[in-house]
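Student: Structure in structure tokens, see below.
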Amino acid sequence: MYLWGGHLGGLSEFTHEFNKSIDFDKVLFQEDIRGSIAHVNMLAKVNILSEEEGKIIRENLRQILLDIKDKKLDIDLNEEDIHSFIENELTKRIGKLGKKLHTARSRNDQCALDLRLYSKKSLNLIKDKLLDLIKAIIEISEDNLDVLMPGFTHMQHAQVTTFSHYIMAYGQMFYRDLLRLESTFERLNENPLGSCALATTSFNIDRFMTSQELGFSKPTENSMDSVSDRDYVLEILFNNSLIMMHLSRLCEELIYYSSSEYSYVKFSDKFSTGSSIMPQKKNPDMAELIRGKTGRVYGDLNTLLVIMKASPLSYNKDFQEDKEPLFDSINTVYNCLKIMKPMLLSLKINKKNMLKSAHKGYLNATDLADYLVNKNIPFREAYKIVGDVVNYAIKVDEALDEIDLEIYKKFSDIFDDSLYDFIDLENSLNKRDVYGGPAKKAVKVQIKNLKDNIENL
Ligand code: ARG
């Protein structure tokens with residue numbers, strides 16, 4: 001039964017199907033009832049409803065909520081949307097009085113309210129999962145402070161780092177994601193209820209009262225904006241996209257770090273699958289799926305950006321299309337975060353292979369140049385000398401610490417025996433104890449700071 005249409009002829013079966021949103025907005029039933037109860041409490045407080053009327057409506061709404069939760073009441077998917085369903089169900093139960101619920105309210109502020117309540121709840125769930133992931137990363141970082149590995153730029157061996165420093169880079173990314181969620185939450189935390197269709201109401205409602213009851217910091221400032229604003233949904237979709245981007249970058253690296261070419265890490269069987277034809281295969285499906293699902297989460301953001309473009313004030317039915325991308329994005333990110341944490345914690349780190357790999361690719365070439373600089377050779381000159389040494393080393397297929405001192409002397413007579421200590425990988429690492437650097441000392445500071453930051457959230 002429609003909540004509208006006194007003067008209209010009604011929809012055909014197909015246009016009704018096309019128009020309705022209950023198939024997906026049914027998940028908002030708790031938010032819808034919560035919002036209605038706050039609305040009714042307020043209507044009774046300001047004497048638009050009597051105490052008794054307020055009580056009957058409130059109690060019946062509560063009962064409807066329980067009945068849906070206990071599966072005693074099925075949501076009727078023939079209704080137009082969840083708002084229609086709840087209101088019609090209430091009227092079925094208490095008759096004419098149910099029809100008073102919608103006084104001084106429109107579905108425009110109602111659906112905006114429901115979506116904000118749902119978004120708040122979801123943001124908190126994602127926040128918890130992000131926090132869990134950050135804690136796991138800190139733990140992994142603490143356990144791998146001595147695990148040397150090559151650091152890459154352009155995917156080429158660059159300079160030495162540790163798995164601990166490497167994984168903490170992701171700790172920082174996910175921490176920024178967490179801060180973004182917090183900041184979005186502040187803008188989200190305003191109550192649109194009472195904006196009604198677009199221009200509030202002639203009734204003397206109290207929007208501050210419903211704001212307080214529903215846990216919002218305040219009512220939204222402008223009623224036209226309130227029913228047409230989907231910025232907060234877009235913010236969530238963007239935040240989610242960045243979370244997925246970070247997850248995806250990490251997955252991408254772990255996927256090739258787990259290949260036989262690298263063998264830096266090994267996924268637990270719990271996160272791997274086999275092949276139906278190749279008996280030897282172990283495929284990192286979960287990591288690949290997270291990487292793949294990043295595409296759909298980006299798609300969700302793009303969908304709503306395009307829907308909102310050129311949308312005139314105030315409410316338009318286009319906005320009904322906001323829900324599926326939002327729900328999809330939230331569910332996807334939540335599940336990916338949920339998988340990422342145990343997948344990371346169960347990852348086997350192959351310390352030996354990482355170290356072996358760190359000895360290749362002349363990671364200490366910059367150190368050799370720095371060595372010369374310390375002996376007062378200008379950096380550009382030192383860079384050129386070491387370039388020649390590296391060319392020679394490639395030709396004879398030797399690492400820098402395998403080349404004899406006499407040979408070094410041919411490139412510059414400044415070289416002496418102390419160079420070997422200077423370019424030792426471990427020393428090269430520990431010298432990089434600049435704030436933010438890979439030396440054990442510096443990573444410990446990063447770990448401590450991140451721990452403090454998440455504690456002070
Ligand atoms: N199902 C609608 C939505 O999700 C509810 C609002 C309908 N309002 C209206 N004026 N038709 O956007």
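Student: Quick one: would you say residue 211 is more than 30 Å from residue 166 (Cβ to Cβ), within 16 Å of the ligand (Cβ to nearest atom) and assigned to a helix (DSSP H, G or I)?
Tutor: no
Student: Taking segment 4-39 as the search range and keeping residues that are within 13 Å of the ligand (Cβ to nearest atom) and aliphatic (A, V, I, L, M), which one is farthest from the chain's Cα centre (by Cα)?
Tutor: Residue satisfying both the conditions and the ranking: 8.
Student: Given (1) within 30 Å of residue 112 (Cα to Cα); (2) touching a Pro at 6+ places or on another chain (Cβ under 7 Å), identify the lone condition not met by residue 357.
Tutor: Tallying (1) within 30 Å of residue 112 (Cα to Cα); (2) touching a Pro at 6+ places or on another chain (Cβ under 7 Å), residue 357 fails exactly one: (1).
Student: Just the residues that are among the polar types (S, T, N, Q) and either within 14 Å of the ligand (Cβ to nearest atom) or within 33 Å of the chain's Cα centre (by Cα) (or both), please, taken from segment 89-107.
Tutor: 106
Student: Within segment 1-58, work out how many residues are over 29 Å from residue 316 (Cβ atoms) and not in a helix (DSSP H, G or I).
Tutor: 4
Rundown of residues vs (1) basic (Lys, Arg); (2) in contact with a strand residue (DSSP E or B) (Cβ under 7 Å, 6 or more places away or on another chain), yes/no style:
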site: 60; (1), (2): no, no
site: 76; (1), (2): no, no
site: 120; (1), (2): yes, no
site: 148; (1), (2): no, yes
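For (1) closer than 18 Å to residue 157 by Cβ; (2) part of a helix (DSSP H, G or I), each residue gets a yes or a no:
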position: 394; (1), (2): yes, yes
position: 407; (1), (2): no, yes
position: 413; (1), (2): no, no
position: 434; (1), (2): no, no
position: 443; (1), (2): no, yes
position: 450; (1), (2): no, yes
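Student: Right, here's the next one. I want to confirm something. Restricting to segment 75-111 and keeping residues that are assigned to a loop (DSSP other than H, G, I, E, B) and among the β-branched types (Val, Ile, Thr), which single residue is nearest to residue 228 (Cα to Cα)?
Tutor: Selected residue: 103.
Student: OK, next. Applying the selection to segment 48-87, what residues are polar (S, T, N, Q), surrounded by fewer than 17 Cβ atoms within 10 Å (Cβ to Cβ) and either over 38 Å from the mean Cα position of the chain (by Cα) or closer than 19 Å to residue 25 by Cα (or both)?
Tutor: 50, 78
Student: Which members of segment 1-10 meet the condition of being over 11 Å from residue 80 (Cα atoms) and either in the same structural domain as residue 320 (by TED's automatic domain parsing) or not aliphatic (A, V, I, L, M) (or both)?
Tutor: If the condition is that a residue be over 11 Å from residue 80 (Cα atoms) and either in the same structural domain as residue 320 (by TED's automatic domain parsing) or not aliphatic (A, V, I, L, M) (or both), then 5, 6, 7, 9, 10 are the ones that fit.
Student: Going by the conditions given, is residue 72 part of a loop (DSSP other than H, G, I, E, B), away from the ligand (no atom under 14 Å from the Cβ) and not assigned by TED's automatic domain parsing to the domain that holds residue 204?
Tutor: Criteria met by residue 72.
Student: Working carefully through the options 229, 225, 285, find the one that is within 24 Å of residue 189 (Cα to Cα), in contact with a helix residue (DSSP H, G or I) (Cβ under 9 Å, 6 or more places away or on another chain) and of a type in the set (Asp, Glu).
Tutor: 229
Student: From the list 441, 384, 448, 375, exactly one residue is more than 19 Å from residue 169 (Cβ to Cβ) and either under 36 Å from the mean Cα position of the chain (by Cα) or in contact (Cβ under 8 Å) with a residue 12 or more places away in the chain (or both). Which is it?
Tutor: Exactly one of 441, 384, 448, 375 is more than 19 Å from residue 169 (Cβ to Cβ) and either under 36 Å from the mean Cα position of the chain (by Cα) or in contact (Cβ under 8 Å) with a residue 12 or more places away in the chain (or both), namely 375.
The rows are residues; the columns are (1) outside the structural domain of residue 417 (by TED's automatic domain parsing); (2) in contact with a Leu (Cβ under 8 Å, 6 or more places away or on another chain); (3) among the small types (Gly, Ala, Ser).
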residue	(1), (2), (3)
344	yes, yes, no
350	yes, no, no
365	no, yes, yes
375	no, no, no
400	no, yes, no
403	no, no, no
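Student: How many residues does segment 108-160 contain that are in contact with a His (Cβ under 7 Å, 6 or more places away or on another chain) and within 16 Å of the ligand (Cβ to nearest atom)?
Tutor: Residues in segment 108-160 being in contact with a His (Cβ under 7 Å, 6 or more places away or on another chain) and within 16 Å of the ligand (Cβ to nearest atom): 2 in total.
The values are calculated or read from the model by the stated rules, or taken from the named source; none is laboratory data. The model shown is predicted, which means the values in this text are computed figures rather than measured ones. No Cβ is skipped: glycine too gets one built from the backbone with ideal geometry, and neighbour counts run over all protein chains shown.
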